[in-house]
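Enquirer: The structure that follows is given in the form of structure tokens.
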Amino acid sequence: MFCTRLRPRAIGRRGRNLRCGCGFRLRHGQFARHRGTRREQIGAPGPLVPSRFVPNNPETTLFRGFPPMTTAPARPQNHLLSATGTTIFTVMSALAVEHGAINLGQGFPDYDGPEDVIRAAADALFDGRNQYPPLTGVPALRNAVAAHNKRFYGIEVDPNREVVVTSGATEAITACLMAVLNPGDECVLIEPLYDTYLPVVKLLGAVPKLVRLTPPRWELPRAELAAAFGPKTKAILFNTPMNPTGKVFTAAELAFLAELIQRHDCYAVCDEVYEHLTFDGWKHIPLMSLPGMRARCMRIGSAGKTFSLTGWKVGYITCDASLQPNVAKAHQNLTFTTPPNLQRGVAVGLAKDDAWFASVGTELQAKRDLLAEGLARLGFGVLPTMGSYFITADFRPLAAALGFTGDDVAFCRALTAEAKVTAIPVTAFYAGADAPNHYARFAFCKGEAVLREALARLEAWVTARKAQGRQAVG
Ligand SMILES: Cc1ncc(COP(=O)(O)O)c(C=O)c1O
């Protein structure tokens, strides 16, 4: 959000007072605060008009001939987006900041990714390859994605015709859905679900068919799943290892799903961002590796999750050559390309040796154990986590002793405000009514000291609430 007219001049004339074409006076280095031009907002060439137009202000009346924007248009905007609330992650993170809470809500590590990967991306900024990279990704990363598929899952992939690099798995999910769904097509989704799935399916005009997993085992409900597939089913969006449940789907569950997909002649968008984050010997099995699934699956990975670099937003799709052109065209219309230096860093990461990939799960497992044991000690009903960044914990066993009668949203708010630890209410991952409302999701992708401090705060809170309860009763 810079003044595009000013910026080159400001860089060229260090330390001088400047007046840009928009009439705002700035010193060099202040241009970051000069924001919100109309041209940037609408993304089209045209006159620069300040977003906050102040009538009779000499700074803004420089724009003679352009009517001031005094009223917002009355025409309704996109109703699906207008009806979509701010994500629960943003809401809870803001609450965490407000209360100085340790944020175990949002799933991002508080430690950095591998140094060699970061170094490779940093070095790549300085070798003169900073223009648009190829649409489907830089060759180094496409080759690395193909080699990674072969090494871990035995899937043979043509790096030139079967890989598309995207700006995060979030974009990849949208691109894959765009590639296959037409308005009116049905798309099977499994609750609890990641927050972008449902809005994107709806925005594409497709019809979501929700199938619900139930705690504590989160098993695939075979009869309900089979009933959700029908003549209009075009695709299923399937996540394993799964957020927020921490479930890794078994070979038997995947085989059941594969049979349904084949019988109904549909596609599978496979969100596998936690593919390397599995524990206790659980191994991730890509649906794509099952018989008959090779040409039907679009398999999505995320460098953010695999390399603890969530801010990079580099994702990669592996799909059959028959699907890749549409996936690439969707990507072309969404972001077109992804920063080339980050892609080249990720290529270095995907080439790391087997021991490194094994260590990712082992190190995270130790964090899971620390948090799971601590929560169980405090009285939470901790559900098993086989993979991902997350533990789901039932707070009902504690509720009476804490004098707590609310639902999961109230619990997570109280936890944030009173215990100064933030978690996410699991109902946020359900679209339908009557979702289980007594679970909180805790992220354990944090440093050991942070997890210990969070547990200490929770213990102090539990002790204090129990004491209050005893006083009230006594
Ligand atoms: C299940 C799932 N899919 C996709 C994503 C988004 O991945 P990325 O950050 O690469 O866009 C996340 C992030 O939390 C996730 O949990």
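The values are calculated or read from the model by the stated rules, or taken from the named source; none is laboratory data. Not measured: the values here are computed from a predicted model. Reconstructed Cβ throughout: ideal geometry from the backbone, glycine too, with neighbour counts over all protein chains shown. These area figures cover heavy atoms from the full protein model, side chains too; ligands, DNA and RNA do not enter into them. Shrake-Rupley method; radii C 1.70, N 1.55, O 1.52, S 1.80 Å.
Enquirer: Would you be able to tell me the number of residues in segment 385-413 that are open to solvent by less than 10 Å² (accessible area, probe 1.4 Å) and over 25 Å from Lys305 (Cα atoms)?
Expert: Here the count works out to 5.
Enquirer: Kindly indicate whether Thr86 is modelled with pLDDT under 95 and assigned to a helix (DSSP H, G or I).
Expert: So Thr86 does not fit the description; no.
Enquirer: What are the residues in segment 426-444 that are surrounded by fewer than 24 Cβ atoms within 10 Å (Cβ to Cβ) and either closer than 26 Å to Tyr111 by Cβ or among the small types (Gly, Ala, Ser) (or both), if any? Step through it out loud before you land on a result.
Expert: Going through segment 426-444, the residues surrounded by fewer than 24 Cβ atoms within 10 Å (Cβ to Cβ) turn out to be 427-438.
Result: Ala428, Phe429, Ala431, Gly432, Ala433, Ala435.
Enquirer: Right, Lys305: more than 23 Å from Cys319 (Cβ to Cβ) and open to solvent by less than 50 Å² (accessible area, probe 1.4 Å) or not?
Expert: The answer is no for Lys305.
Enquirer: Something else about it: Just to be sure I understand, how many residues within segment 187-209 are open to solvent by 20 Å² or more (accessible area, probe 1.4 Å) and more than 16 Å from the ligand (Cβ to nearest atom)?
Expert: The number of residues fulfilling the criteria is 7.
Enquirer: Moving to a separate point now. Within segment 329-342, can you find the residues that are under 18 Å from the mean Cα position of the chain (by Cα) and open to solvent by less than 20 Å² (accessible area, probe 1.4 Å)?
Expert: Selection gives His331, Thr338.
Enquirer: Something else: Determine whether Thr166 is among the β-branched types (Val, Ile, Thr), surrounded by fewer than 20 Cβ atoms within 10 Å (Cβ to Cβ) and within 14 Å of the ligand (Cβ to nearest atom).
Expert: The answer is no for Thr166.
Enquirer: Separate question: Which residue is farthest from Gly315 (Cα to Cα), if the candidates are limited to segment 169-180 and must be in contact with a Leu (Cβ under 9 Å, 6 or more places away or on another chain), open to solvent by 10 Å² or more (accessible area, probe 1.4 Å) and not acidic (Asp, Glu)?
Expert: Among those residues, the one meeting the criterion is Val180.
Enquirer: Looking at segment 371-400, which of its residues are of a type in the set (Phe, Trp, Tyr) and farther than 25 Å from Trp282 by Cα?
Expert: Taking segment 371-400 as the starting set, the residues that turn out to be of a type in the set (Phe, Trp, Tyr) are 380, 389-390, 395.
Correct list: Phe395 only.
Yes/no matrix, rows are residues, columns are (1) surrounded by fewer than 20 Cβ atoms within 10 Å (Cβ to Cβ); (2) within 13 Å of the ligand (Cβ to nearest atom):
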{"site": "Pro231", "(1), (2)": "yes, no"}
{"site": "Lys234", "(1), (2)": "yes, no"}
{"site": "Gly246", "(1), (2)": "no, yes"}
{"site": "Glu253", "(1), (2)": "yes, no"}
{"site": "Glu259", "(1), (2)": "yes, no"}
{"site": "Gln262", "(1), (2)": "yes, no"}
{"site": "Val273", "(1), (2)": "no, yes"}
{"site": "Pro286", "(1), (2)": "no, no"}
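Enquirer: Which members of segment 89-120 meet the condition of being open to solvent by less than 40 Å² (accessible area, probe 1.4 Å) and among the aliphatic types (A, V, I, L, M)?
Expert: Of everything in segment 89-120, those that are open to solvent by less than 40 Å² (accessible area, probe 1.4 Å) and among the aliphatic types (A, V, I, L, M) turn out to be Met92, Leu95, Ala96, Ala101, Ile102, Leu104, Val117, Ala120.
Enquirer: Regarding Pro397, is this residue away from the ligand (no atom under 14 Å from the Cβ), outside the structural domain of Tyr194 (by TED's automatic domain parsing) and not in a strand (DSSP E or B)?
Expert: yes
Enquirer: Now, a different point. When you look at Ala228, is it touching a residue at least 40 places away in the same chain (Cβ under 8 Å) and over 21 Å from the mean Cα position of the chain (by Cα), yes or no?
Expert: yes
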